């Protein structure tokens, strides 16, 4: 009997409670300013926010004058995104769909995938499908901006357990396991709610090196243009995140 993949159930109310406090408006505003600085696209350019979540970046990009499409699998997060877009009075095309199924061909000037939304799937072949879909959806010379965790940092900072206390009284316990053969990071999460009840969640991510991702991009017909240690274009280091800018070959 098959079980539901973790990424189909994780991105609900628990996700919002776990990560919400770490995503203040100022951080998102800076992210979007940095994204614009990297992409250097004129207003009205077509941008796909792949795994857009609650629309943090999509809404501000639309306010900045871009034509934005947001794609995500989570109905819960898309409902939040739609509410925020309506509140900010911006028009965005929202699509609820698996990131392996981007329903466009040569439409976008850029595709962005931000805040570690890559590596969720069951194996590398499925991750390759995502990049192939990105390449298909881009116009020739269209840009792909990927921002994610960097394997060396994850391994260097690894600890098997973690405890986070939240201002609302919730406590989150994490048990972590890294499989060095498969480069997969497993995180088992226990949520202790203020009312005494508990919740359980699980994350499983393939963590990639720069070399591996460049190879996957090239296989899909994308050429790397640059790489950084953050959206602020800081240098890549053993203790940074990983940002790769590539484009579709003509």
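Just so it is clear, none of the values below were taken in a lab; they were calculated from the coordinates. Everything quoted here is computed from the prediction, not taken from an experiment. Please note: Cβ atoms are built from the backbone with ideal geometry, for glycine as well, and neighbour counts cover all protein chains shown.
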Residue separation between residue 25 and residue 8 times 0.36 nm, minus their alpha-carbon distance, gives in nm 3.5 nm
Counting only C-alpha contacts under 8 Å and six or more residues apart, can you give the relative contact order of the stretch 93-250 as a whole percent? 25 percent
Express in nm, to one decimal, how much length is gained between residue 80 and residue 106 on full extension, taking 0.36 nm for each residue of separation and deducting their alpha carbon distance. 6.5 nm
List the residues of the stretch 1-29 whose backbone N lies under 14 Å from a point placed 7 Å from the Cα of residue 63 along the Cα-to-Cβ direction. 24-29
Using Cβ counts within 10 Å as a stand-in for footprinting exposure, how do 157, 234 rank, fewest first? 157, 234
Ranked 122, 186, criterion: other C-beta atoms within 10 Å, fewest first: 122, 186
Just want the ordering: 216, 99, from fewest to most Cβ atoms lying within 10 Å of their own Cβ. 216, 99
Quick one: among 133, 26, 96, which has the greatest mean-square fluctuation in a GNM of the chain with alpha-carbon springs under 10 angstrom? 26
Need one word for the stretch 153-204: rounded, prolate or oblate. Basis is the Cα gyration tensor (sqrt eigenvalues a ≥ b ≥ c); a/c below 1.5 gives rounded, then a/b vs b/c decides. prolate
